[in-house]
Amino acid sequence: MSNILKAAGNERFNAEATNWDNNPAVQEATRLAWETLRPLIQTVSNDKKTAEGTDIDVLEVGCGTGLLSTRVAPLVREIVAVDTAEGMIEMLKGKITQPGSPQNIVPVCKLLEDPEDLVLPPDDEKDPSGARKKFDLALSHLVLHHIPDLRPFLQMLFGCLRSGGKIALTDFEDFGPEAIKFHPQWKLEGVERHGIPRQWMEDLLKEVGFEQVKVWVGWTMEKDIEGWDDDIGSNDGDRKKTMQFPFLVCEGARP
Ligand SMILES: C[S@@+](CC[C@H](N)C(=O)[O-])C[C@H]1O[C@@H](n2cnc3c(N)ncnc32)[C@H](O)[C@@H]1O
């Protein structure tokens, strides 16, 4: 079994899929990601429209139930939404059969390791088993901390982009030992790192070959802290303990 697959925590995410969208922290994280990413997506789209007069094709890896994909879809030509957890992809498939839902989302349940994987759409519809489509933009939100070895993951994303294509990957920052409290102690299955170290990520993206690399704090999210009472002092009645978590936006472009 590959390293990336071990990271997926499929059992956990399959179990959580039905109730995923009912978690207020998940909804809030998506809302903040969407507000931050929307201008970036718009810029990629505007640049391509000016140059080639077409809309952009987007790949989202670790899409979950499609909370972000369904927001992005109206801005783009097509979004291929990939997740390793079948339960998550089934939820997304259910959403896109609803009247009025975006019809340009392609849900894929797969551990994507090869940019030429036949689960991806072909570049040329007349040659279905030929070279795979290359994307203008690759997204992921709250996924990087589940991937044990980010280098092959980033290399795979690099290989999925056309020349000039961009990545915009968001996840919480490893700002020090307190970052572990992002997850409750009982929810650490499949968590490979407690956030993303900013400089380390910037260096890694450059090593993989990305240019125009920028890793910056896009927003800060206040989140309930569960199960870490010993560390944060005495129990204060029923008042929930919260902490501020910075989220990084990791940008880069394929030359
Ligand atoms: C914390 S959830 C975030 C889901 C979604 N992005 C959201 O914010 O609602 C992480 C997701 O990444 C998926 N995942 C983990 N490793 C993956 C991989 N290597 N490729 C694709 N999906 C992966 C999990 O199955 C899970 O759905």
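The values are calculated or read from the model by the stated rules, or taken from the named source; none is laboratory data. Everything numeric in this text was worked out from a predicted model, so none of it was measured. Cβ atoms come from the backbone with ideal geometry, glycine included; neighbour counts cover every protein chain shown. To get the accessible areas, we keep the full protein, side chains included, count just its heavy atoms, and leave off ligands, DNA and RNA. Shrake-Rupley method; radii C 1.70, N 1.55, O 1.52, S 1.80 Å.
Inter-part distance, the range 138-217 to the range 61-113, computed on C-alpha centroids, equals 20 Å. Among the lysines of the range 103-241, pairs that are 8 or more positions apart or on different chains and have alpha carbons within less than 17 Å of each other number 13.
When only Cα pairs below 8 angstrom with a gap of at least 6 residues are kept, the range 3-253 shows a relative contact order of 18 percent. Between Gln27 and Lys187, the modelled label-to-label distance comes to 1.5 nm, taking each label 7 Å out from Cα in the direction of the beta carbon.
Sorting Asp123, Asp57, Asp21 on solvent-accessible area from highest to lowest, probe radius 1.4 Å, gives Asp123, Asp21, Asp57. Please report, as a whole percent, how much of the solvent-accessible surface of the chain comes from carbon and sulfur atoms (probe radius 1.4 Å). The computed percentage sits at 48. What the chain shows is 47 Å² of accessible area per residue, with the surface traced by a 1.4 Å probe over protein heavy atoms.
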